[in-house]
Structure formats: structure tokens, C-alpha cells
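Participant: Right, I'll just put the structure down here and ask away after.
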Amino acid sequence: MIALLLGPSGTGLISAFQSSTSLLQTLAGLGINNSAVRDIAQANSKDNQGKLSIVVKSLRKLVLFTGLAGLILTIIFAQPLSEFTFETIDYTWEIRLLSIAVFFNLIQAGQSALIQGMRRIKDLARMSILSSVMGTVLSLPLIYFFEFDGISVYLVALAIGQFLVSLYYARKIKILDVKVSWRRAFEESKGMIKLGSSFMGASLATVLGAYLVRVIIIRDLSLTDAGIYQAAYAISGIYAGVIFQAMGKDFYPRLAGIAFESKKEIQLINEQTQVGMVLAAPGLMFTLALAPIGIRLLYSVEYIEAYPVLQWMILGVFLRTIAFPMGYLFIARAKGKTFLWTEIVTWSLQVGFVFFGLKFFGLKGTGIAFFVLYILYTTMMFYLLKRENNFRWTKQVMKTIVILSLLFGLAFTILQFLNQLWGSIIVCAIGIILTYIAYLEIIKILEMKSLKELIIKLKKS
């Protein structure tokens, strides 16, 4: 809706606001949203209600502290952020207003960590849906009546709404009524903060990298091009993002529960990789084929230049489905330093690739950079896991990787050399085949024998 009302420059401005304030939000958050999931999942797996209650009470106090810290940091650094991002101080007050959004986002992240650690997957799904609906409802009046001036108010209102949704579901989790002082909360959270600091560094590298990519695009090209890049990035992750989110919400707590049991870790990572690839492949293939239509429907014809960028990004997202499960091993094992360095290296490469990609290929170079990055990232993660727990892919996973890689390579080539209509038809046909394969995989996982049994099981759940 925002894309239709404000165009690419509006999308670019929102992206710039979010990436700049995310820097301070990540710094103030101390990585608690990641480390808390591990502590809660472990306490819950041991059925230790007393320990779980203390962890939850401590977390609630800690996120209130980080929220206030984020609010203060954003107010202080609003002007430098405006000047560095936009080369003007004109956006200082908008960024200061966003300090309220930073406050509520940090508290909401703590509530979500609790729900994720307890493996309340259905509640997380409901939260996600409600947040999406809320975003649409809030954006309509604010952007329609106030246009660009309504963007910062919209982001604040959205943050408050998401906080209230997360609070509702977090309060449904029953814990013991134990008293935890501020002093005890910080003492109980020392391990959480120590591990979280590594996650914070890794998250900071990610957020800083994403921020610098947008700054480079704005400075080398324009705010409009930053909006087109954001559209390509968002569309490439619409389908796969759901799978990655589900993977993180359920897979991470399960992996944390078997940390350092190498054989079980290897088996679980392989299972998750196989499922992730097979489920993501059809959606990615249809996105590749029908992206021009999707861009016009989700955004507008003004964003059509996002298509060449998106094609390369889809290839990168497929590689990410392979690498994504491997990255969780270091979090589950509390190997914060290793996780930190992988993120620093990854995003340093990303910024460098984007910088040179823009010089040689224009905006399309950002998509090429994304693809090349995930070739290197997947290779790096496999090497690191092999060193960590002698990880290896099973024959089935290797077979799936090779077949799907060839199919995506073929689809990409077809779209480069055939006209759009015939290329899309052929790639859609490949997508249909992959959909059938995904269906067979789901049936196998759920131990069903037919589509009818699958539908009945889904209705019951």
C-alpha cells in the first residue's frame, strides 16, 4: 500500500529509517532476543518451572532497561544518523520520533524470545499475521493523509501495536509468582548478557551491513533506487522468509536442547536442510517466473526495474536455504565468537560486493553481489561445521542440492534467452514439478499416504 501511495522514493525512505534506527536498536538490545531463547528453551526442556520463572522475570526487567537505553541512544544520535544517511540534517526530528519505536521494538523482541523459547509456534504465527494486518490498517490513513510526513508516525504506531500483540501472547504463558529484584535480575542474566553480547556483535554486523548497502545505493544512485532495491529484497524473501522464520522458531530450540550431541546435531541439521530446500524451491521458482506480475501487483509498474535484481537474489535465497540451518549450530552451542566472526566476514563481503557491483553493473550489481555472497557463505559455513562437529551432508541432501541447483540454473538461463512469456511458462512448469516433489516430501514427513489424510491432519491441527 505504501508503495502505491508514495512510490519507490517512499519505500526507500522507510528502508533508510528502519536500517538506521536498527543500528542503535541492536546496540542497545545486547543480543538478548537471541540468547534468551536458548536459556528459556533449556529451562523448559528440563521441566524446571522455578528456574524458568526466574529467567522470564529477569528477562522482562532486562528488556525494559534495554528499551530505555535504545530510546536515549536514538535521541542522542539522531542528527549524525540523518547527516550520514541522507547527507542532510532535515530528517533529525523524524529519527528522534522513531526513538519511541525503538523502545517498544526492544521490549517486543523480549516477549517474542519468551514465546519462541517455549516453542509456542502457533502463537508466533498468529502474532505475525496480526502484525501484518496491523501494518496495512495503520499505513492507510497515516500515509494517505500525511504522505511522506506520516512515515515516522506510522513506524511508531506499528511498533506500539506489535508490542501489544506480543504482550497479549506472552502473558498467556503461565509462570510461578516469584519475586526478582533488579539486582537479582542482572545477576541471573549475566550468562544471557555474555552470550548476547556476541550475538549483538553479530547482529550489529548484519544491521550495519544492511544500512551501509542502502547508504551506498542512495549516494551512488538515488533514494528511488534504494526503494527499488528494497522491493527486490522484500519480494525475494516473501515465500522463503516464512520458511526461515518457522525454521528459526522451532528448529533453534530443538537444536539447543541437543547441543554438543554431535550425531543428533548432524542428523537434525540434515533433516532441516532437506525439508527447507524442498519446501522453499517451488515458491522460489514461481517467484522467479512470475516476478514481473508480482511486482506490479504488490508494488506498481514504477518498480519493474527490480526484476533483474530479483532474479539474482532468488538464486542467492536458494543457497541461503542450504546454509541457514548450519548457522544455528554456533548459537545452540553458545559459540558466540565464531558466530560473531562469520557475520562480520559475511557482511563485510556484502558491502564490498555491492560497492563494486554498482560500479560495474548498476543496480543489477546488488543482486549479483547477493548471489556471490551466498556462494561464499554456504561454503564457509560447511567448512566451519566440519571443523566443529565433523558435519557432513547425507547422500539424500547432496542429491537434492545438486538437482535443485541445476534446475534453478536452467530456469535462470531460460529467462535470460527466451522472451518473457515463454520463459515464464517453462519456469512455471518446473515450479509445478517441484510442488509435486514438495507434496511427496510432506506426505513422507507426516507419514501420510494421501492428500486426503494430509488435509484431515491439517484441519485437526
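All of the numbers you see were taken from the coordinates with simple rules; none came from a lab. Small disclaimer: the values here were computed from a predicted structure and weren't measured. Here the Cβ positions follow ideal geometry from the backbone for every residue, glycine too, while neighbour counts run over all protein chains shown.
Participant: Filter the trypsin sites (Lys or Arg not before Pro) in the range 8-80 down to the DSSP loop ones having no more than 13 other Cβ atoms within 10 Å, then list what survives. Before the final figure, lay out each step's value.
Facilitator: Working: sites: Arg38, Lys46, Lys51, Lys57, Arg60, Lys61; in loops: Lys46.
For trypsin sites (Lys or Arg not before Pro) across the range 8-80 that sit outside H, G, I, E and B with at most 13 neighbouring Cβ atoms in 10 Å, the list reads Lys46.
Participant: Using amide H atoms built in the peptide plane, which far-off residues or other-chain residues are under 5 Å from Leu30 H to H?
Facilitator: So Leu30 has HN proximity to no qualifying residue.
Participant: For the pair Asn390 and Ser197, what calculated FRET efficiency results from E = 1/(1 + (r/R0)^6), where r is the Cβ-Cβ distance and R0 = 41 Å, to the nearest 0.05? Show your work: numbers first, answer last.
Facilitator: On the way: r = 29 Å, r/R0 = 0.70.
My answer for the efficiency is 0.90.
Participant: Report, in whole Å, the centroid distance computed from the Cα atoms of the range 253-295 and the range 333-392.
Facilitator: 18 Å
Participant: Cβ neighbours within 10 Å, averaged per peptide: list 256-263, 341-348 in order, most packed at the top. Walk me through the numbers before you get to the answer.
Facilitator: Numbers: 256-263: 14.6, 341-348: 18.4.
In descending order of packing, they fall as 341-348, 256-263.
Participant: Run the dipole for the chain about the Cα centre, Lys and Arg Cβ at +1, Asp and Glu Cβ at -1, nothing else charged, and hand back the magnitude in debye, nearest 20.
Facilitator: 2120 debye
Participant: So how much slack lies between Ser300 and Met380, counting 0.36 nm per residue of separation and subtracting their Cα-Cα distance, in nm?
Facilitator: Working: separation 80, 0.36 × 80 = 28.80 nm, distance 3.79 nm.
Gain on extension, Ser300 to Met380, equals 25.0 nm.
Participant: Going by average Cβ density within 10 Å per residue, which order do the peptides 230-239, 217-226 take, highest to lowest?
Facilitator: Values: 230-239: 21.9, 217-226: 19.7.
So the peptides 230-239, 217-226, ranked by packing, come out 230-239, 217-226.
Participant: Another question, then. Between the range 123-176 and the range 412-446, how many Å separate their Cα centres?
Facilitator: First find each Cα centre; the distance between them is then 35 Å.
Participant: Moving on to the next point. What helices does the chain have that are whole DSSP H segments, at least 24 Å long along their own axis by Cα, and with mean Kyte-Doolittle hydropathy of -1.0 or more? The partial results should precede the final answer.
Facilitator: Working: long enough: 2-29 (34 Å, 0.98); 49-86 (50 Å, 1.10); 92-117 (37 Å, 0.86); 121-146 (37 Å, 1.27); 151-170 (28 Å, 1.78); 190-220 (43 Å, 1.02); 262-298 (47 Å, 0.73); 306-332 (37 Å, 1.43); 336-361 (36 Å, 0.95); 364-389 (38 Å, 0.63); 395-417 (33 Å, 1.55); 420-445 (36 Å, 1.75).
Counting only whole DSSP H runs, the qualifying helices are 2-29, 49-86, 92-117, 121-146, 151-170, 190-220, 262-298, 306-332, 336-361, 364-389, 395-417, 420-445.
Participant: Grab the other residues whose beta carbon is less than 13 angstrom from that of Asn389, score K and R as +1, D and E as -1, and report the net.
Facilitator: Values: positive: Lys263, Lys264, Arg333, Lys335, Lys386, Arg387, Arg392; negative: Glu261, Glu265, Glu388.
For residues surrounding Asn389, the net value is +4.
Participant: Distance check, please: which entries in Lys264/Lys399; Lys264/Lys335; Lys122/Lys264; Lys263/Lys399; Lys57/Lys194; Lys335/Lys386 exceed 24 angstrom between their Cα atoms? Spell out each step's value before the answer.
Facilitator: Working: Lys264/Lys399 21 Å; Lys264/Lys335 18 Å; Lys122/Lys264 26 Å; Lys263/Lys399 21 Å; Lys57/Lys194 18 Å; Lys335/Lys386 15 Å.
With Cα atoms farther than 24 Å apart: Lys122/Lys264.
Participant: Can you tally the net charge around Arg96? Count Lys and Arg as +1, Asp and Glu as -1, for every other residue whose Cβ sits under 14 Å from the Cβ of Arg96. Present the calculation step by step, with values, prior to reporting the outcome.
Facilitator: Details: positive: none; negative: Glu83, Asp90, Glu94.
Cβ neighbours under 14 Å give a net charge of -3.
Participant: With the crude spin-label approximation of a point 7 Å out along Cα→Cβ, what separation in nm comes out for Gln49 versus Thr88?
Facilitator: With each label point 7 Å from Cα toward Cβ, the separation is 6.0 nm.
Participant: Report the local net charge at Leu81: Lys and Arg +1, Asp and Glu -1, summed over other residues whose C-beta lies under 13 Å from its C-beta. Intermediate values should be presented prior to the final figure.
Facilitator: On the way: positive: Arg96, Arg214; negative: Glu83, Glu87, Asp90, Glu94.
Once all neighbours under 13 Å are counted, the net charge is -2.
Participant: Using mean Cβ contacts within 10 Å as the protection proxy, how do 287-297, 406-416, 14-24 order, highest first?
Facilitator: Values: 287-297: 18.5, 406-416: 16.0, 14-24: 23.1.
Highest mean packing first, the order is 14-24, 287-297, 406-416.
Participant: Let me ask you something else. Any idea how far apart Asp250 and Ile442 come out in nm if each label point goes 7 Å out from Cα toward Cβ?
Facilitator: In this crude label model, Asp250 to Ile442 measures out at 1.2 nm.
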